[in-house]
Every structure is written in structure tokens, then in C-alpha cells.
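Before any comments, here is the structure.
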Amino acid sequence: MNKIVMNIEICTDSLEGALAAEKYSAKRIELCAALSVGGLTPSYGLIKQCVEKSTVEIHVMIRHREGGFNYNGADIEIMKSDIIASKKAGAHGVVFGVLDSDNKVSGLNKELVSLSKSLDLEVTFHRAFDFVIDYKPAIEKIISFGFDRLLTSGLQPTALQGVAVIAKLQADYGNQIQIMAGSGVNQTNALEIASTGIDNIHFTARKLVGTNTKLSMGDVMVVDEEKVEAIVGLF
């Protein structure tokens, strides 16, 4: 039986994560800071080091603050500056998503996509998509703006729970945009999620080092290489 060909994207907040992605032949990393709040824009220095010291594609989270995905004009200007800085640091792509106050895909995304494309950056719409009410007009607008890729858990807390919607997105729109499943992907469910027909999956691979079960300022998070190896080994 032939294995499924899968593009693996690892979400990480460290150079060690980029190096682990390279070691196990992942295609991309989504590089973030502050994963505990869903990911924020990483520092210029971290982007540059990941670019210079690994061979994987570096896709940078463009999200300068936590607390939703509804942004004003000043926020958009900050995001534009971060996109330009990411390109200067050598990034291959950027990751963002802007919603209106009623959780519809905002037209402001078009400005950010236009800037990104002018810099020859790939563009991923992130899991802000999973907060929309009606996914059909949402993905059609995302496609019309020129996004290369959509990261989604199928409008559910985890990709496994949203697997039916992910399959529908792939069937209806997979020839127009890459559909990438993320959230809760692990070695026990990756193949089931892959059965939707997608060829891109996304997961975070880190673990807590220390005796505490809840993360505190004194604890350390490290790359979970065993998880990376196990999932990559499935494909």
C-alpha cells in the first residue's frame, strides 16, 4: 500500500523547532511567539536565525496582539510593517487573517495579501477562519483575495471534530487553494484526518519540561521530537 504524500507544517516558537522540522523533513514551519495565546508575531532575530540555520520554509505569523482578529487601520499598518520585516529577514511566507466585527472575512485582507505578493511571499489565512459563521462565502472571499493556503480545523475545536467540513472544503475548493488541517493533530489521528484528501497538515510539537503540570514562568517548553518523528513517519 502506497503511503500518502503529505506536506508537514510544524508550528513552533523556537530555532530548535525549525531544526527539528529540517531533521525530520517537514516542508514548513509556522513561526510564532506566544503560542499560549494562539501565536503572535515572532522577533526579527528569531526569524532571521531560523532562515539562516535551517533549510525549511519559514512562514511567519503576522498577529501583533492577542484577543481576536478584528483590526483597525492602525493595526493593519503594524501588520504591513511586520510583513515587510519578515521578508527582510528572509521568510518564505506570512500567515494572517482579518475578520469583521461580525466574524466575516474582512476586505482588509486584500491589502495585506497585495503587499505580501508584491514581496514574493506566500500567504496563509490562519484559523481565524474557524470563527466564521458560514464557511462557503468565507473561503470564496479568501480565494478571491489570492491566498495560497487555508489553515482550518473545520470550524471545530480540533481538526478531527471538523473532519467532515475539512473534507467538504477539499472537495469543493481544493483545486483553487491549499487546504491545511490543524489543531489537535497527532500520531493517532493524522491518518484519519488525511483521509479527507488534503495534502497539508499542521501541528504544534512542544512539551513541558519540569514537575508542574500547569505552565508557569519558571517552566521550560521544548520541542517534542518524538511527536514530529511519529507523525512524519506515517506519510
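If you go through region 1-31, how many residues are under 13 Å from the mean Cα position of the chain (by Cα) and crowded, with 22+ Cβ neighbours inside 10 Å?
Kept after step one, since they are under 13 Å from the mean Cα position of the chain (by Cα), are these residues of region 1-31: 7-13, 27-31.
The next check asks that each one be crowded, with 22+ Cβ neighbours inside 10 Å; those that pass are 8-13, 28-31.
Going through region 1-31 one residue at a time, the tally reaches 10.
Looking at Gln178 and the list (1) open to solvent by less than 50 Å² (accessible area, probe 1.4 Å); (2) at pLDDT 95 or above; (3) under 22 Å from Cys32 (Cβ atoms), which single condition is not satisfied?
(1)
Output the number of the condition that Lys87 fails; it satisfies all remaining conditions of (1) basic (Lys, Arg); (2) out of contact with any Leu (no Cβ under 9 Å at 6 or more places or on another chain); (3) crowded, with 17+ Cβ neighbours inside 10 Å.
Exception for Lys87: condition (2).
If a residue must be open to solvent by 10 Å² or more (accessible area, probe 1.4 Å) and closer than 17 Å to Leu99 by Cα, how many such residues does region 32-60 contain?
2
Which of the following residues is in contact with a Ser or Thr (Cβ under 9 Å, 6 or more places away or on another chain), within 22 Å of Ala190 (Cβ to Cβ), among the aliphatic types (A, V, I, L, M) and not in a loop (DSSP other than H, G, I, E, B): Ala171, Ala159? Break it down into steps so the answer makes sense when it comes.
On the way: Ala159 fails: not in a loop (DSSP other than H, G, I, E, B).
Criteria check complete, one pass: Ala171.
Residue-by-condition table, conditions (1) among the aliphatic types (A, V, I, L, M); (2) touching a residue at least 40 places away in the same chain (Cβ under 8 Å):
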| position | (1), (2) |
| --- | --- |
| Ala33 | yes, no |
| Tyr44 | no, yes |
| Thr55 | no, no |
| His59 | no, yes |
| Lys80 | no, no |
| Ala91 | yes, yes |
| Leu99 | yes, no |
| Val113 | yes, no |
| Lys117 | no, no |
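When Lys168 is evaluated against the numbered criteria (1) surrounded by 15 or more Cβ atoms within 10 Å (Cβ to Cβ); (2) touching a helix residue (DSSP H, G or I) at 6+ places or on another chain (Cβ under 8 Å), which criterion, by number, is the only one it fails?
Every condition holds for Lys168 apart from (2).
Take Val163 and decide whether it is among the β-branched types (Val, Ile, Thr), more than 18 Å from the chain's Cα centre (by Cα) and under 24 Å from Leu35 (Cβ atoms). Don't jump to the end; show me each part of the working.
Working: among the β-branched types (Val, Ile, Thr): yes; more than 18 Å from the chain's Cα centre (by Cα): no; under 24 Å from Leu35 (Cβ atoms): yes.
The answer is no for Val163.
Check off (1) touching a Pro at 6+ places or on another chain (Cβ under 8 Å); (2) open to solvent by less than 40 Å² (accessible area, probe 1.4 Å) for Gly184 and give me the number that stays unchecked.
(2)
Can you confirm whether Ser81 is farther than 17 Å from Val223 by Cβ and either buried (at least 17 other Cβ atoms within 10 Å of the Cβ) or not hydrophobic (A, V, I, L, M, F, W, C) (or both)? Can you show your working first?
Numbers: farther than 17 Å from Val223 by Cβ: yes; either buried (at least 17 other Cβ atoms within 10 Å of the Cβ) or not hydrophobic (A, V, I, L, M, F, W, C) (or both): yes.
The answer is yes for Ser81.
Identify, from the list Val113, Val105, Val98, the residue that is crowded, with 24+ Cβ neighbours inside 10 Å and within 18 Å of the chain's Cα centre (by Cα). Outline the logic, then answer.
Values: Val113 fails: crowded, with 24+ Cβ neighbours inside 10 Å; Val98 fails: crowded, with 24+ Cβ neighbours inside 10 Å.
Criteria check complete, one pass: Val105.
Scan region 117-130 for residues that are in a helix (DSSP H, G or I) and either over 16 Å from the mean Cα position of the chain (by Cα) or on the phi > 0 side of the Ramachandran plot (or both) and jot them down. Talk me through it step by step, then tell me what you get.
Our first condition is that a residue be in a helix (DSSP H, G or I); within region 117-130, this holds for 117-118, 127-130.
Within region 117-130, Lys117, Ser118 qualify.
The values are calculated or read from the model by the stated rules, or taken from the named source; none is laboratory data. Please read these numbers as outputs of a predicted model, since none were measured by experiment. Glycine also receives a Cβ, built like all others from the backbone with ideal geometry; neighbour counts cover every protein chain displayed. Ligands, DNA and RNA are stripped out before the accessible areas are found, and what is left, the full protein with its side chains, is counted by its heavy atoms. Shrake-Rupley method; radii C 1.70, N 1.55, O 1.52, S 1.80 Å.
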